[in-house]
Amino acid sequence: MERKICEECRGKIVKKNIDYIFLGENIGSFPAQVCTKCKEEVFTEETTKKIAIITKEKGLWGLNDRTKINQVGGSVGVTINKKIAEFLKLRKGEDVIVYPENKKRLVIQVL
């Protein structure tokens, strides 16, 4: 179905190729319907499947992981799985900056 008006803001929909960025990596340029007002981007189901295939081929799919907080002496620690560590190119002994973004999100910034 071709959209002419954005359901969110009533802006005009245009077709254009846009770069799809996933986890900071450019997956490629894909056709999308884009709202000129709110900038919402909508891909077809076929395009979404292509994007999923490429992200899986690049090893970017499924990088999330559930872990537990560990006790480390008087502090607590979080274990990062091997797949995420390899993606971030983390090495033992490297410095990182850790800070709370809010009460539900912890950020680990690799230097």
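The values are calculated or read from the model by the stated rules, or taken from the named source; none is laboratory data. Given the structure is predicted, the values throughout are model-derived calculations rather than measurements. Neighbour counts are summed over all protein chains in view; Cβ atoms, including those assigned to glycine, are modelled from backbone coordinates with ideal geometry.
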Looking only at region 11-38, and only at residues there that are at pLDDT 95 or above and in a loop (DSSP other than H, G, I, E, B), the one that is nearest to Trp61 (Cα to Cα): Cys38
Scanning region 53-68 for residues that are out of contact with any Phe, Trp or Tyr (no Cβ under 7 Å at 6 or more places or on another chain), of a type outside the set (D, E, K, R) and assigned to a helix (DSSP H, G or I) gives Ile53, Ile54
When you check Asn17 against the structure, is it loosely packed, with under 10 Cβ neighbours inside 10 Å and in contact with a strand residue (DSSP E or B) (Cβ under 8 Å, 6 or more places away or on another chain), yes or no? no
Given the conditions (1) loosely packed, with under 10 Cβ neighbours inside 10 Å; (2) assigned to a strand (DSSP E or B), and given that Arg91 satisfies all but one, which numbered condition is not satisfied? (2)
Tell me, please, whether a residue that is on the phi > 0 side of the Ramachandran plot and in contact with a strand residue (DSSP E or B) (Cβ under 8 Å, 6 or more places away or on another chain) can be found in region 30-37. no
Condition test on Lys50, is it assigned to a loop (DSSP other than H, G, I, E, B), closer than 30 Å to Arg3 by Cα and modelled with pLDDT of 95 or more? no
Give just the number: which of (1) of a type outside the set (Gly, Ala, Ser); (2) over 30 Å from Ser29 (Cβ atoms); (3) within 16 Å of the chain's Cα centre (by Cα) does Val107 not satisfy? (2)
